[in-house]
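The values are calculated or read from the model by the stated rules, or taken from the named source; none is laboratory data. Worth saying up front: this structure is predicted, and the values here are computed from it rather than measured. Ideal geometry is used to build each Cβ from the backbone, glycine not excepted, and the neighbour counts take in all protein chains shown. Note: areas computed on protein heavy atoms with side chains; ligands, DNA, RNA excluded. Shrake-Rupley method; radii C 1.70, N 1.55, O 1.52, S 1.80 Å.
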Amino acid sequence: ERLLKRVEEFHPGTAAELEEFRIKVLGRKGELNELMDEFKTVAPELKRELGQRLNGLKNRAQERINELKSELEAHAAGTPSATLDDMTRPGTAQPLGSRHPISLVRNEICGIFERLGYVIAEGPEIEDDWHVFSALNFPPEHPARDMQDTFFIEKDPDILLRTHTSSIQVRTMETQKPPIRVVCPGRVFRNEAISYRAHCIFHQIEGLYIDEGVSFADMKQSLLYFVQEFFGPETKIRLRPSYFPFTEPSAEMDISCNLCGGKGCNVCKHTGWLEIMGCGMVDPNVLEACGIDSNKYSGFAFGMGVERCSMLKYGVKDLRLYFENDIRFLRQFGTVI
Ligand code: PHE
(Lines give C-alpha, C1' and ligand atoms only; values in the text may rest on other atoms or scores of the structure.)
Protein backbone atom coordinates (compact mmCIF):
# COMPACT_ATOMS: atom_id res chain seq x y z
CA GLU A 1 0.00 0.00 0.00
CA ARG A 2 2.75 2.42 0.96
CA LEU A 3 4.67 1.62 -2.18
CA LEU A 4 1.57 2.20 -4.31
CA LYS A 5 1.11 5.60 -2.73
CA ARG A 6 4.71 6.53 -3.48
CA VAL A 7 4.27 5.43 -7.08
CA GLU A 8 1.12 7.52 -7.48
CA GLU A 9 2.67 10.57 -5.92
CA PHE A 10 6.01 10.47 -7.63
CA HIS A 11 6.71 13.45 -9.90
CA PRO A 12 10.08 13.29 -11.61
CA GLY A 13 11.70 16.44 -12.88
CA THR A 14 13.94 14.67 -15.40
CA ALA A 15 14.08 11.44 -17.36
CA ALA A 16 17.12 10.38 -15.29
CA GLU A 17 15.19 10.76 -12.07
CA LEU A 18 12.40 8.63 -13.48
CA GLU A 19 14.81 5.91 -14.54
CA GLU A 20 16.39 5.88 -11.10
CA PHE A 21 12.95 5.49 -9.54
CA ARG A 22 12.06 2.70 -12.00
CA ILE A 23 15.16 0.70 -11.04
CA LYS A 24 14.46 1.25 -7.35
CA VAL A 25 10.92 -0.05 -7.66
CA LEU A 26 10.83 -2.47 -10.57
CA GLY A 27 14.53 -3.34 -11.04
CA ARG A 28 16.02 -6.78 -10.37
CA LYS A 29 16.98 -5.80 -6.83
CA GLY A 30 14.04 -3.40 -6.54
CA GLU A 31 11.43 -3.06 -3.82
CA LEU A 32 8.86 -5.06 -5.73
CA ASN A 33 11.12 -8.05 -6.03
CA GLU A 34 11.89 -7.77 -2.33
CA LEU A 35 8.15 -8.04 -1.69
CA MET A 36 8.03 -11.04 -4.05
CA ASP A 37 10.71 -12.74 -1.93
CA GLU A 38 8.73 -12.09 1.23
CA PHE A 39 5.65 -13.46 -0.54
CA LYS A 40 7.32 -16.91 -0.73
CA THR A 41 7.26 -17.10 3.06
CA VAL A 42 3.56 -16.29 3.68
CA ALA A 43 1.03 -18.91 4.67
CA PRO A 44 -0.54 -20.76 1.71
CA GLU A 45 -4.09 -19.63 2.54
CA LEU A 46 -3.05 -15.97 2.18
CA LYS A 47 -1.16 -16.50 -1.05
CA ARG A 48 -4.12 -16.13 -3.41
CA GLU A 49 -5.22 -12.71 -2.23
CA LEU A 50 -1.75 -11.35 -1.63
CA GLY A 51 -0.55 -12.62 -4.99
CA GLN A 52 -3.31 -10.77 -6.75
CA ARG A 53 -2.52 -7.58 -4.91
CA LEU A 54 1.18 -7.83 -5.69
CA ASN A 55 0.44 -8.35 -9.37
CA GLY A 56 -1.92 -5.38 -9.36
CA LEU A 57 0.77 -3.25 -7.76
CA LYS A 58 3.34 -4.35 -10.31
CA ASN A 59 1.07 -3.58 -13.26
CA ARG A 60 0.08 -0.21 -11.86
CA ALA A 61 3.70 0.77 -11.17
CA GLN A 62 4.65 -0.19 -14.73
CA GLU A 63 1.71 1.73 -16.14
CA ARG A 64 2.42 4.83 -14.07
CA ILE A 65 6.08 4.87 -15.01
CA ASN A 66 5.14 4.64 -18.68
CA GLU A 67 2.68 7.48 -18.24
CA LEU A 68 5.31 9.64 -16.58
CA LYS A 69 7.75 8.76 -19.31
CA SER A 70 5.47 9.91 -22.12
CA GLU A 71 4.63 13.04 -20.16
CA LEU A 72 8.31 13.86 -19.86
CA GLU A 73 8.81 13.23 -23.55
CA ALA A 74 5.81 15.34 -24.50
CA HIS A 75 7.09 18.08 -22.23
CA ALA A 76 10.50 17.97 -23.87
CA ALA A 77 8.76 18.34 -27.24
CA GLY A 78 6.92 21.40 -25.96
CA THR A 79 3.41 19.97 -25.63
CA PRO A 80 1.59 20.91 -22.44
CA SER A 81 0.73 18.04 -20.16
CA ALA A 82 -1.59 17.51 -17.27
CA THR A 83 1.00 17.25 -14.55
CA LEU A 84 4.09 18.97 -15.84
CA ASP A 85 3.51 22.58 -16.87
CA ASP A 86 5.97 24.92 -18.42
CA MET A 87 5.68 27.85 -16.05
CA THR A 88 6.85 30.28 -18.72
CA ARG A 89 4.02 29.48 -21.14
CA PRO A 90 1.22 32.07 -21.29
CA GLY A 91 -1.87 30.92 -19.43
CA THR A 92 -5.17 29.97 -21.03
CA ALA A 93 -7.93 32.43 -20.21
CA GLN A 94 -10.64 30.97 -17.99
CA PRO A 95 -14.16 32.12 -18.82
CA LEU A 96 -15.48 34.29 -15.99
CA GLY A 97 -18.93 33.71 -14.62
CA SER A 98 -21.27 36.55 -13.76
CA ARG A 99 -23.44 37.32 -10.79
CA HIS A 100 -26.97 35.99 -10.84
CA PRO A 101 -29.50 38.78 -11.52
CA ILE A 102 -31.13 38.05 -8.17
CA SER A 103 -27.84 38.73 -6.41
CA LEU A 104 -27.25 41.86 -8.46
CA VAL A 105 -30.65 43.30 -7.63
CA ARG A 106 -30.46 42.25 -3.98
CA ASN A 107 -27.06 43.92 -3.64
CA GLU A 108 -28.28 47.06 -5.35
CA ILE A 109 -31.40 47.35 -3.18
CA CYS A 110 -29.48 46.65 0.03
CA GLY A 111 -26.86 49.18 -1.07
CA ILE A 112 -29.44 51.94 -1.44
CA PHE A 113 -30.77 51.33 2.05
CA GLU A 114 -27.28 51.03 3.49
CA ARG A 115 -26.63 54.54 2.25
CA LEU A 116 -29.67 55.60 4.28
CA GLY A 117 -28.10 54.11 7.40
CA TYR A 118 -29.75 50.68 7.38
CA VAL A 119 -27.73 47.58 8.24
CA ILE A 120 -28.30 44.12 6.80
CA ALA A 121 -29.84 41.47 9.05
CA GLU A 122 -30.29 37.81 8.23
CA GLY A 123 -32.10 34.89 9.81
CA PRO A 124 -32.92 31.20 9.45
CA GLU A 125 -35.01 29.82 6.57
CA ILE A 126 -36.49 27.16 8.84
CA GLU A 127 -38.46 29.11 11.40
CA ASP A 128 -41.03 28.63 14.13
CA ASP A 129 -44.61 29.83 14.25
CA TRP A 130 -43.77 32.62 16.69
CA HIS A 131 -41.29 34.45 14.47
CA VAL A 132 -43.25 34.05 11.23
CA PHE A 133 -46.81 34.54 12.49
CA SER A 134 -47.64 34.92 16.19
CA ALA A 135 -45.27 37.77 17.05
CA LEU A 136 -46.50 39.52 13.90
CA ASN A 137 -50.08 39.68 15.18
CA PHE A 138 -51.47 36.94 12.92
CA PRO A 139 -54.62 35.60 14.61
CA PRO A 140 -54.54 31.81 15.18
CA GLU A 141 -57.02 31.11 12.39
CA HIS A 142 -55.37 33.37 9.79
CA PRO A 143 -55.39 31.72 6.34
CA ALA A 144 -51.67 32.39 5.72
CA ARG A 145 -50.90 29.79 8.39
CA ASP A 146 -52.85 27.30 6.39
CA MET A 147 -51.24 24.29 4.77
CA GLN A 148 -52.11 25.88 1.44
CA ASP A 149 -49.60 28.66 1.91
CA THR A 150 -47.03 27.44 4.35
CA PHE A 151 -44.62 24.54 4.05
CA PHE A 152 -44.42 22.74 7.37
CA ILE A 153 -41.46 20.60 8.31
CA GLU A 154 -42.64 17.08 8.99
CA LYS A 155 -45.70 16.89 11.22
CA ASP A 156 -44.78 19.55 13.72
CA PRO A 157 -46.99 22.60 13.07
CA ASP A 158 -44.52 24.77 14.96
CA ILE A 159 -41.62 24.28 12.54
CA LEU A 160 -42.01 25.72 9.07
CA LEU A 161 -40.25 27.37 6.16
CA ARG A 162 -40.54 31.13 6.49
CA THR A 163 -43.14 32.65 4.17
CA HIS A 164 -41.66 36.14 4.49
CA THR A 165 -38.50 37.68 5.90
CA SER A 166 -40.51 39.63 8.48
CA SER A 167 -39.32 36.88 10.82
CA ILE A 168 -35.88 38.49 10.73
CA GLN A 169 -37.42 41.77 11.85
CA VAL A 170 -38.97 40.00 14.84
CA ARG A 171 -35.60 38.51 15.72
CA THR A 172 -33.98 41.93 15.41
CA MET A 173 -36.56 43.63 17.63
CA GLU A 174 -36.21 40.89 20.23
CA THR A 175 -32.47 41.32 20.50
CA GLN A 176 -31.81 45.00 19.83
CA LYS A 177 -32.94 48.27 21.33
CA PRO A 178 -34.22 51.16 19.17
CA PRO A 179 -33.11 52.99 17.13
CA ILE A 180 -33.34 50.04 14.74
CA ARG A 181 -32.75 50.32 11.01
CA VAL A 182 -32.41 47.00 9.20
CA VAL A 183 -32.92 45.53 5.74
CA CYS A 184 -33.58 41.82 5.68
CA PRO A 185 -32.87 39.98 2.43
CA GLY A 186 -33.56 36.28 2.12
CA ARG A 187 -35.23 33.31 0.48
CA VAL A 188 -38.85 32.64 1.32
CA PHE A 189 -41.15 29.72 0.64
CA ARG A 190 -44.84 29.51 -0.19
CA ASN A 191 -46.83 26.57 -1.38
CA GLU A 192 -47.87 28.08 -4.70
CA ALA A 193 -48.23 26.61 -8.16
CA ILE A 194 -45.27 27.53 -10.34
CA SER A 195 -46.10 29.84 -13.25
CA TYR A 196 -44.57 32.78 -15.12
CA ARG A 197 -45.54 35.02 -12.22
CA ALA A 198 -45.34 32.82 -9.11
CA HIS A 199 -42.88 30.35 -7.64
CA CYS A 200 -42.77 28.33 -4.44
CA ILE A 201 -39.34 29.79 -3.68
CA PHE A 202 -38.54 33.45 -4.14
CA HIS A 203 -36.54 36.25 -2.54
CA GLN A 204 -37.65 39.17 -0.45
CA ILE A 205 -36.13 42.26 1.03
CA GLU A 206 -37.93 43.72 3.95
CA GLY A 207 -37.01 46.78 5.93
CA LEU A 208 -37.70 48.08 9.40
CA TYR A 209 -37.09 51.45 11.02
CA ILE A 210 -37.95 52.04 14.67
CA ASP A 211 -37.17 55.10 16.74
CA GLU A 212 -38.92 57.82 18.71
CA GLY A 213 -41.33 59.82 16.54
CA VAL A 214 -41.01 57.88 13.27
CA SER A 215 -43.96 58.85 11.07
CA PHE A 216 -45.81 57.76 7.95
CA ALA A 217 -44.26 60.76 6.17
CA ASP A 218 -40.77 59.41 6.98
CA MET A 219 -41.77 56.13 5.39
CA LYS A 220 -43.11 57.76 2.28
CA GLN A 221 -39.99 59.85 1.74
CA SER A 222 -37.61 56.93 2.38
CA LEU A 223 -39.47 54.73 -0.09
CA LEU A 224 -39.63 57.51 -2.68
CA TYR A 225 -35.86 57.93 -2.36
CA PHE A 226 -35.41 54.20 -2.80
CA VAL A 227 -37.48 53.85 -5.98
CA GLN A 228 -35.90 56.90 -7.59
CA GLU A 229 -32.45 55.47 -6.91
CA PHE A 230 -33.44 52.03 -8.17
CA PHE A 231 -35.83 52.72 -11.06
CA GLY A 232 -34.68 56.21 -12.05
CA PRO A 233 -35.20 59.81 -10.86
CA GLU A 234 -38.43 60.29 -12.83
CA THR A 235 -40.22 57.54 -10.92
CA LYS A 236 -43.35 58.55 -9.00
CA ILE A 237 -45.05 56.61 -6.20
CA ARG A 238 -48.61 56.15 -5.05
CA LEU A 239 -49.83 54.55 -1.82
CA ARG A 240 -53.07 52.60 -1.69
CA PRO A 241 -54.70 51.55 1.60
CA SER A 242 -54.17 47.85 2.30
CA TYR A 243 -54.09 45.38 5.15
CA PHE A 244 -51.35 43.40 6.89
CA PRO A 245 -51.74 41.96 10.39
CA PHE A 246 -48.42 43.49 11.47
CA THR A 247 -48.85 47.07 10.25
CA GLU A 248 -51.50 49.73 10.92
CA PRO A 249 -52.12 51.68 8.80
CA SER A 250 -50.95 49.50 5.94
CA ALA A 251 -50.40 50.39 2.31
CA GLU A 252 -49.53 48.92 -1.02
CA MET A 253 -47.04 51.03 -2.93
CA ASP A 254 -47.14 51.45 -6.72
CA ILE A 255 -44.53 53.06 -8.93
CA SER A 256 -45.26 54.89 -12.15
CA CYS A 257 -44.71 52.65 -15.16
CA ASN A 258 -41.45 53.70 -16.76
CA LEU A 259 -42.07 51.45 -19.76
CA CYS A 260 -44.95 53.49 -21.16
CA GLY A 261 -44.34 56.72 -19.25
CA GLY A 262 -47.79 56.41 -17.66
CA LYS A 263 -49.61 56.17 -20.99
CA GLY A 264 -50.57 52.54 -20.40
CA CYS A 265 -49.02 49.31 -21.66
CA ASN A 266 -49.39 45.56 -21.19
CA VAL A 267 -46.96 45.40 -18.28
CA CYS A 268 -48.91 47.92 -16.20
CA LYS A 269 -52.19 46.60 -17.59
CA HIS A 270 -52.95 50.06 -18.97
CA THR A 271 -53.11 51.66 -15.54
CA GLY A 272 -49.77 53.47 -15.70
CA TRP A 273 -48.87 51.99 -12.28
CA LEU A 274 -46.98 48.90 -11.09
CA GLU A 275 -47.38 47.34 -7.66
CA ILE A 276 -44.01 47.04 -6.02
CA MET A 277 -44.22 46.56 -2.25
CA GLY A 278 -46.29 46.37 0.91
CA CYS A 279 -45.60 48.76 3.76
CA GLY A 280 -47.04 50.39 6.85
CA MET A 281 -46.55 51.57 10.42
CA VAL A 282 -45.56 48.71 12.71
CA ASP A 283 -48.61 47.66 14.74
CA PRO A 284 -48.15 48.42 18.47
CA ASN A 285 -49.06 44.78 19.22
CA VAL A 286 -45.98 43.70 17.28
CA LEU A 287 -43.72 46.13 19.13
CA GLU A 288 -45.04 44.90 22.48
CA ALA A 289 -44.71 41.22 21.47
CA CYS A 290 -41.05 41.89 20.73
CA GLY A 291 -40.41 43.76 23.98
CA ILE A 292 -40.41 47.33 22.62
CA ASP A 293 -42.38 50.06 24.43
CA SER A 294 -45.06 51.13 21.94
CA ASN A 295 -45.80 54.32 23.89
CA LYS A 296 -42.26 55.51 23.38
CA TYR A 297 -41.37 54.13 19.97
CA SER A 298 -42.97 53.89 16.57
CA GLY A 299 -41.71 52.65 13.24
CA PHE A 300 -42.41 51.60 9.71
CA ALA A 301 -41.82 48.38 7.79
CA PHE A 302 -41.87 47.46 4.13
CA GLY A 303 -41.32 44.38 2.05
CA MET A 304 -40.76 43.64 -1.62
CA GLY A 305 -39.99 40.73 -3.91
CA VAL A 306 -36.52 40.72 -5.42
CA GLU A 307 -37.63 38.79 -8.51
CA ARG A 308 -40.39 41.28 -9.15
CA CYS A 309 -38.03 44.26 -8.86
CA SER A 310 -35.59 42.52 -11.17
CA MET A 311 -38.32 41.69 -13.71
CA LEU A 312 -39.50 45.28 -13.80
CA LYS A 313 -36.02 46.71 -14.03
CA TYR A 314 -34.78 44.37 -16.74
CA GLY A 315 -38.06 43.68 -18.55
CA VAL A 316 -38.03 39.94 -17.79
CA LYS A 317 -41.43 38.40 -18.49
CA ASP A 318 -41.11 34.94 -16.97
CA LEU A 319 -40.20 34.46 -13.31
CA ARG A 320 -39.13 30.86 -13.91
CA LEU A 321 -36.05 32.05 -15.82
CA TYR A 322 -34.49 33.05 -12.51
CA PHE A 323 -34.47 29.46 -11.28
CA GLU A 324 -33.43 27.55 -14.40
CA ASN A 325 -29.82 28.72 -14.51
CA ASP A 326 -29.84 28.73 -18.29
CA ILE A 327 -26.50 30.25 -19.19
CA ARG A 328 -28.02 32.14 -22.14
CA PHE A 329 -30.26 34.02 -19.71
CA LEU A 330 -27.61 34.60 -17.05
CA ARG A 331 -25.00 35.87 -19.52
CA GLN A 332 -27.13 38.88 -20.33
CA PHE A 333 -26.37 40.26 -16.89
CA GLY A 334 -22.69 40.09 -17.83
CA THR A 335 -21.06 41.64 -14.86
CA VAL A 336 -19.04 40.26 -12.02
CA ILE A 337 -19.93 43.07 -9.66
N1 PHE B 1 -44.38 40.60 4.90
C2 PHE B 1 -45.18 41.11 3.81
C3 PHE B 1 -45.28 40.03 2.74
O4 PHE B 1 -44.55 39.06 2.76
C5 PHE B 1 -44.62 42.36 3.21
C6 PHE B 1 -44.67 43.52 4.14
C7 PHE B 1 -43.59 43.80 4.96
C8 PHE B 1 -45.77 44.33 4.21
C9 PHE B 1 -43.61 44.86 5.82
C10 PHE B 1 -45.82 45.41 5.07
C11 PHE B 1 -44.75 45.68 5.87
O12 PHE B 1 -46.08 40.11 1.84
Per the C-alpha gyration tensor (a ≥ b ≥ c, the square roots of its eigenvalues), region 212-254 is rounded if a/c is under 1.5, else prolate if a/b beats b/c, else oblate; here it's oblate
For the chain, what % of the accessible area comes from carbon and sulfur atoms, probe 1.4 Å?
52 percent
Pair Lys47, Glu34: separation of 7 Å Cα→Cβ label points (nm)
2.4 nm
Radius of gyration and Dmax for region 90-245's Cα atoms, expressed in Å?
18.3, 67
Which of rounded, prolate, oblate describes region 1-153, given a ≥ b ≥ c as roots of the alpha-carbon gyration tensor eigenvalues and a/c under 1.5 marking rounded, otherwise prolate only if a/b is larger than b/c?
oblate
Rounded to the nearest Å, the spacing of the alpha-carbon centers of region 39-61 and region 1-34 is 18 Å
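Under a 1.4 Å probe, what is the accessible area of the chain per residue, stated in Å²?
Values: 19450 Å² over 337 residues.
Roughly 58 Å² per residue, with all protein chains present.
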Could you run the Karplus curve 6.51 cos²θ - 1.76 cosθ + 1.60 with θ = phi - 60° over region 232-238 and give me ³J(HN,Hα) per residue in whole Hz, x for Gly and Pro?
x, x, 7, 5, 10, 10, 9
Which ³J(HN,Hα) values in Hz, rounded to whole numbers, follow from the phi angles of region 3-17 under the Karplus curve 6.51 cos²θ - 1.76 cosθ + 1.60, where θ = phi - 60° and Gly and Pro get x?
5, 4, 4, 5, 5, 5, 9, 6, 10, x, x, 9, 5, 5, 4
How would you order 7-16, 112-121 from highest to lowest mean count of nearby Cβ atoms within 10 Å?
112-121, 7-16
Kindly provide the helix-only [θ] at 222 nm of the chain, computed as the sum of -39,500 (n - 2.57) over DSSP H runs of four or more divided by all residues, to the nearest 500 deg cm²/dmol?
-11500 deg cm²/dmol
Size-normalised alpha-carbon gyration radius of region 178-312, reference 2.2 N^0.38 Å
1.12
Please report the base-10 log of the normalised intensity I(q)/I(0) for region 238-328, using a Debye sum with one equal scatterer per alpha carbon and no solvent, at each q in 0.11 (1/Å).
-0.46
Need one word for region 124-197: rounded, prolate or oblate. Basis is the Cα gyration tensor (sqrt eigenvalues a ≥ b ≥ c); a/c below 1.5 gives rounded, then a/b vs b/c decides.
prolate
So, with +1 on the Cβ of K and R and -1 on the Cβ of D and E, and no other charges, what is the size of the charge dipole of the chain about its Cα centre, to the nearest 20 debye?
1100 debye
Under 5 Å, built H, 5+ apart or other chain: amide partners of Gly264
Gly272
Cys in the chain lacking any partner Cβ under 4.7 Å -> Cys110, Cys184, Cys200, Cys279, Cys290, Cys309
Please compute, for the alpha-carbon atoms of the chain, the extent along each of the three principal axes and give them in descending order in Å.
92, 48, 38
Sequence order, region 116-128: Karplus ³J(HN,Hα) from phi using 6.51 cos²θ - 1.76 cosθ + 1.60, θ = phi - 60°, Hz rounded, Gly and Pro as x, gives 8, x, 7, 10, 7, 10, 10, x, x, 7, 8, 10, 10
